[in-house]
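Everything on this sheet refers to the single structure shown next.
The values are calculated or read from the model by the stated rules, or taken from the named source; none is laboratory data. Bear in mind the structure is a predicted one, so any value in this text is a computation, not a measurement. Quick reminder, even Gly has a Cβ in these numbers, built from the backbone with ideal geometry, and neighbours come from all protein chains shown.
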Amino acid sequence: MSSAAATDSTPAMHKLLVSLQTLGRIPVWVFQLLFRICVAFVFWDSGQTKIDSWQSTILLFENEYKVPVLSPEIAALLATTVELACPVLLVVGFGARLATLPMLAMTFVIEAFVYPEDWLQHLTWVSMLLFILSRGPGPVSVDYWIARKLFRSPNAL
């Protein structure tokens, strides 16, 4: 390659590098909000499917899911409750860190006992949930608003 060709591509390469650097300036709250919404919809959709046909859900827990220790009815009820309650809390950001805990536990049960072959999908859910658990729901949340009103500090929660 001639030195003239290398010089011609340098501005384009510089523009590309500058563009990539600006991606690092995306505020953390954007990821907090997106992760809350994304993982919430995964669980919400599953919960909606379960309540669409409760009898089919019980049969699914009896024949396919086979969660140890719990009866199919109790396991189905617990799973459905987590899948319908926690996503709502997560999306609005109310008790968001607390809401991640049952979702993490449920993901562990699914991975360990039901669909271990779907580990990559479960790892994605766990990554988003752990991010929310460790960083909080962010400024677009009820938790943030409560912290500001009660403690005069958004970092209190």
Quiz item: Any residue in region 112-127 that is surrounded by 15 or more Cβ atoms within 10 Å (Cβ to Cβ), among the hydrophobic types (A, V, I, L, M, F, W, C) and either free of Cβ contacts under 8 Å to residues at least 12 places away in the same chain or in contact with a Leu (Cβ under 9 Å, 6 or more places away or on another chain) (or both)?
Solution: yes
Quiz item: Do any helices (runs of 4 or more DSSP H) lying entirely in region 42-130 carry at least 2 residues that are within 28 Å of V142 (Cβ to Cβ) and not aromatic (F, W, Y), and which ones are they?
Solution: 72-92, 96-109
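Matching residues to (1) under 11 Å from the mean Cα position of the chain (by Cα); (2) under 21 Å from Q55 (Cα atoms):
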site: A79; (1), (2): no, yes
site: L89; (1), (2): no, no
site: L98; (1), (2): no, no
site: P116; (1), (2): no, no
site: L133; (1), (2): yes, no
site: G136; (1), (2): no, no
site: P139; (1), (2): no, no
Self-check item: Any chance V67 is under 26 Å from the mean Cα position of the chain (by Cα), over 23 Å from S134 (Cβ atoms) and of a type in the set (A, V, I, L, M, F, W, C)
Solution: yes
Quiz prompt | F35 being assigned to a helix (DSSP H, G or I), in contact with a Cys (Cβ under 8 Å, 6 or more places away or on another chain), at pLDDT 95 or above and crowded, with 18+ Cβ neighbours inside 10 Å | solution = no
